[in-house]
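What follows is a set of notes on a single structure, which appears directly below.
All of the numbers you see were taken from the coordinates with simple rules; none came from a lab. Quantities reported herein were computed from a predicted structural model and do not represent experimental measurements. Cβ sites come from the backbone with ideal geometry, for glycine too, and all protein chains shown count toward neighbours.
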Amino acid sequence: MHTHFHPGMKALRTAIPYIRAFEGRTFVVKLGGKLCDPGSALDNLAEQVALLTTVGIRIVLVHGGGDQLSAAEKKMGIEPRFVVGRRVTDAPTLELAKMVFAGTISTNVVAALRKYDAAAVGLSGVDGELITAVRRPPRLIDDPESGQRREVDFGHVGDIMAVRPSVLENLLANRFVPVVASLAADGQGSVFNVNADTIAARIAIELKAVKYILLTTVDGVMLDLNDHSSLQTHLDLDDLDSLVQRGVIHGGMLPKLAACGDALRGGVPRVHVVNGLTPDALLAEVFTNEGCGTLIVARRRGASTAQPALT
């Protein structure tokens with residue numbers, strides 16, 4: 001009698017406890033803008049998301065689009081402006097953000113999911129009163145380049161006041177995959193550009209998601225982007241704080257990690273930072289104990305963060 005299993009069966013046996021644990025649970029997946037362009041990376045991610053929904057996991061996708069917005073600005077002769085990693089959104093930039101985020105990128109992501117039989121619905125924070133925001137007041141910012149404090153008006157940029165997840169709950173209950181673009185509005189219908197990581201973290205908290213998964217184009221949280229051995233596979237909130245204070249993390253990763261911290265403090269048990277360009281990285285992170293990126297929890301209980309404990 002043969003006792004060895006087919007390798008595929010072994011993988012399936014490994015995955016079964018996770019499939020059982022996560023059936024009917026919600027994951028919020030944040031898709032970095034670079035991963036949203038049509039092509040093999042988006043197809044691979046769409047296929048993985050479709051597979052996760054097939055085993056009964058409820059998924060909300062939130063996408064960025066900063067690079068595409070910058071490209072559109074340059075095409076129109078507008079020079080993109082950033083202060084400490086955050087974009088200044090003037091009136092023409094807001095018009096482009098509506099086109100790029102809620103138009104091109106949303107449609108491309110939904111179409112990729114369609115290819116793999118996942119019924120996705122594109123919407124933004126403006127739809128169904130999902131995200132209510134208020135215009136960010138001018139802020140005093142420490143500008144590292146000049147070493148000076150100066151007041152910065154970010155323009156049509158919103159800070160989240162309220163999240164009303166009923167539109168997402170209705171879609172999820174009917175087995176749709178909501179694809180959320182990072183725009184929001186106030187009660188008067190003024191539209192704002194809102195950081196996509198912040199939106200994703202808030203949605204994860206409101207939906208009581210068991211995972212907030214940040215798909216980016218680096219292998220996880222790294223102390224040195226050029227040195228793979230500097231990848232931090234397990235972190236908690238204290239570790240995050242010390243990395244930021246030590247100045248190891250900078251640029252675009254700062255708002256991302258701030259959103260990860262918000263999600264954990266808001267009750268989301270597990271945050272994963274994963275390289276979306278790695279084939280099947282999402283499945284590996286969900287269905288194996290090793291995963292392949294960075295797992296962040298609120299507080300490490302000793303050294304072990306073995307899954308699939310969902311508490």
inquiry  = Let's test this: bin the Cα-Cα distances of segment 85-236 at 5 Å from zero up to the farthest pair and state each bin's percent.
reply    = 2, 8, 14, 17, 17, 15, 14, 8, 3, 1, 0
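Would you tally the net charge around residue 236, using a Cβ to Cβ cut-off of less than 12 Å, leaving residue 236 out, and scoring K and R as +1, D and E as -1? If you can, show how the numbers build up before the last one.
Numbers: positive: 265, 270, 299, 300, 301; negative: 238, 239, 241.
Surrounding charge for residue 236 is +2.
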ask   = Of the residues 235, 31, 223, which exhibits the maximal mean-square fluctuation in a Gaussian network model of the chain defined by a 10 Å Cα contact cut-off?
value = 223
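Would you mind computing the Rg to Rh ratio of segment 17-70 from its alpha-carbon coordinates, Kirkwood style for Rh? Write down the numbers at each step before the final one.
Numbers: Rg = 12.9 Å, Rh = 12.1 Å.
That ratio is 1.06, to two decimals.
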query = All other residues with a Cβ under 11 Å from the Cβ of residue 205 taken together, and with Lys, Arg as +1 and Asp, Glu as -1, what is their net charge?
reply = +1
query = What list of ³J(HN,Hα) couplings, whole Hz, do you get for segment 286-291 from phi and the Karplus terms 6.51, -1.76, 1.60, once you set θ to phi - 60° and write x for glycine and proline?
reply = 8, 10, 10, 7, 6, x
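Determine the gain in length on full extension of the stretch residue 71-residue 21; use 0.36 nm per residue of separation and subtract their C-alpha separation, reporting nm with one decimal.
Details: separation 50, 0.36 × 50 = 18.00 nm, distance 4.18 nm.
Full-extension gain reported as 13.8 nm.
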Of all DSSP beta bridges in segment 28-297, antiparallel share, percent nearest 5 = 40
request  = Would you look at the GNM of the chain, springs on alpha carbons closer than 10 Å, and say which of 97, 284, 209 moves the most?
outcome  = 284
task = Please determine, in degrees from 0 to 90 and to the nearest 10, the orientation of helix 7-22 with respect to the longest principal axis defined by the Cα atoms of the chain, where the helix direction is its Cα long axis.
result = 60
query = Angle, helix 196-206 long axis vs. longest principal axis of the chain, Cα atoms, 0 to 90°, nearest 10?
reply = 60
ask   = Among residues other than residue 185 whose Cβ falls under 12 Å from its Cβ, what is the net charge (Lys/Arg +1, Asp/Glu -1)?
value = 0
note = The answer for residue 124, listing residues at least 5 apart or on another chain whose modeled amide H is closer than 5 Å to its amide H, is 181
ask   = Mind listing the phi-derived Karplus ³J(HN,Hα) values for segment 253-260, rounded to whole Hz, using 6.51, -1.76 and 1.60 with θ = phi - 60°, and x for any glycine or proline?
value = 6, 4, x, 5, 6, 4, 5, 4
query = Using alpha carbons only, how many degrees (0 to 90, rounded to 10) separate the axis of helix 40-54 from the longest principal axis of the chain?
reply = 60
request  = State, in angstrom, two size descriptors of segment 28-297 derived from its alpha carbons: Rg to one decimal place and Dmax to the nearest whole number.
outcome  = 17.8, 53
ask   = Once phi is turned into θ = phi - 60°, what whole-Hz ³J(HN,Hα) does the Karplus curve with 6.51, -1.76 and 1.60 give for every residue of segment 165-173, x standing for Gly and Pro?
value = x, 4, 5, 5, 4, 5, 5, 4, 4
ask   = Of all the stretches in the chain, which is the longest one without any exposed loop site, taking GluC sites (Glu not before Pro) in a DSSP loop (any state but H, G, I, E, B) with at most 12 other Cβ atoms within 10 Å?
value = 146-289
message = Which of 155, 77, 251 ends up with the largest GNM mean-square fluctuation for the chain, with Cα atoms connected below 10 Å?
response = 77
task = Mind counting lysine pairs for me in the chain? Cα separation below 21 Å, and the two need to be 8 or more apart along the chain or on different chains.
result = 14
key: Positive dipole terminus of the chain, leading residue within 125, 250, 88 (C-beta point charges)   = 125
task = Determine which residues of segment 205-232 fall in the zone a paramagnetic label at residue 167 would reach in this model, i.e. backbone nitrogen under 20 Å from the point 7 Å along Cα→Cβ.
result = 205-209
